[in-house]
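What follows is a set of notes on a single structure, which appears directly below.
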Amino acid sequence: MPLCKLLYTSQSAATAPSRPQDIRRIVEESARRNEALEITGSLAYVDGSFIQVLEGPHAAVEDVFERICCDFRHKDIKLIDLVTTQTRQFEGWHMGLLASSQDDPLHKELEQVKYLVTVNARTAAEHIRSLMNH
Ligand SMILES: Cc1cc2nc3c(=O)[nH]c(=O)nc-3n(C[C@H](O)[C@H](O)[C@H](O)COP(=O)(O)O)c2cc1C
């Protein structure tokens, strides 16, 4: 069955950087819903920005993205990439999480991802995927 993969970016709506426990809660809730819809992907959070990859059946991804777009916990949502694919990049992750504090080595990697998204979304998604193994 053909699948689709979507990548978007957004900014946290919180005036202060979102707290790690708030982001964990979003991811835990999302993973439960996504599993039922056969959606996999990853949510990265760096310096107030979200970068999320969603992959799965077209209708399910569209439906979830519509709901995500209505969520007041973030703003400035930008759809960066939407492709049809036969294979999943995030098999097994109903929503992976990549978030770091400033002094964590992962922070530099996520800054790199944030930059990569602006020049090549697919390379950015691959980089996110490689970070999931760490
Ligand atoms: C950054 C961010 C990422 C989210 N990712 C997902 C997701 O992958 N799957 C999902 O079902 N909901 C996700 N949500 C939550 C949805 O926006 C929404 O609250 C949830 O799907 C419930 O929608 P409903 O209240 O219309 O039923 C995310 C929210 C935010 C702020």
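Remarks
- Residues (touching a residue at least 60 places away in the same chain (Cβ under 8 Å), closer than 12 Å to Arg73 by Cα and not hydroxyl-bearing (Ser, Thr, Tyr)) located in the stretch 1-35: Gln11, Ala13, Ile23
- Residues being surrounded by fewer than 15 Cβ atoms within 10 Å (Cβ to Cβ) and either within 20 Å of Leu110 (Cα to Cα) or of a type in the set (S, T, N, Q) (or both) - total across the stretch 26-47: 1
- If the condition is being assigned to a helix (DSSP H, G or I) and without any contact (Cβ under 8 Å) to a residue 12 or more places away in the chain, then the stretch 117-131 contributes Thr118, Val119, Thr123, Ser130.
- Filter result (within 9 Å of the ligand (Cβ to nearest atom), assigned to a loop (DSSP other than H, G, I, E, B) and over 15 Å from Leu97 (Cα atoms)) within the stretch 39-75: Cys70, Asp71, Phe72, Arg73
- Considering residues of the stretch 106-130 that are hydrophobic (A, V, I, L, M, F, W, C) and surrounded by 18 or more Cβ atoms within 10 Å (Cβ to Cβ) only, the residue farthest from the ligand (Cβ to nearest atom): Leu116
- Within the stretch 76-89, the residues that satisfy the criterion of being closer than 24 Å to Glu111 by Cβ, part of a strand (DSSP E or B) and not hydrophobic (A, V, I, L, M, F, W, C) are Asp76, Lys78, Asp81.
- Only a single criterion out of (1) surrounded by 14 or more Cβ atoms within 10 Å (Cβ to Cβ); (2) more than 12 Å from the chain's Cα centre (by Cα) is not satisfied by Asp103, namely (1).
- Yes/no for Gln89 being surrounded by fewer than 13 Cβ atoms within 10 Å (Cβ to Cβ), in contact with an Asp or Glu (Cβ under 9 Å, 6 or more places away or on another chain) and of a type in the set (S, T, N, Q): no
- Selection within the stretch 1-38 - aliphatic (A, V, I, L, M), more than 12 Å from the ligand (Cβ to nearest atom) and touching a helix residue (DSSP H, G or I) at 6+ places or on another chain (Cβ under 6 Å): Leu7
Readers should treat all values here as calculations from the given coordinates under stated rules, not as data from a laboratory. None of the values given here were measured: they were computed from a predicted structure. Glycine gets a Cβ as well: all are built from the backbone with ideal geometry, and neighbour counts include every protein chain shown.
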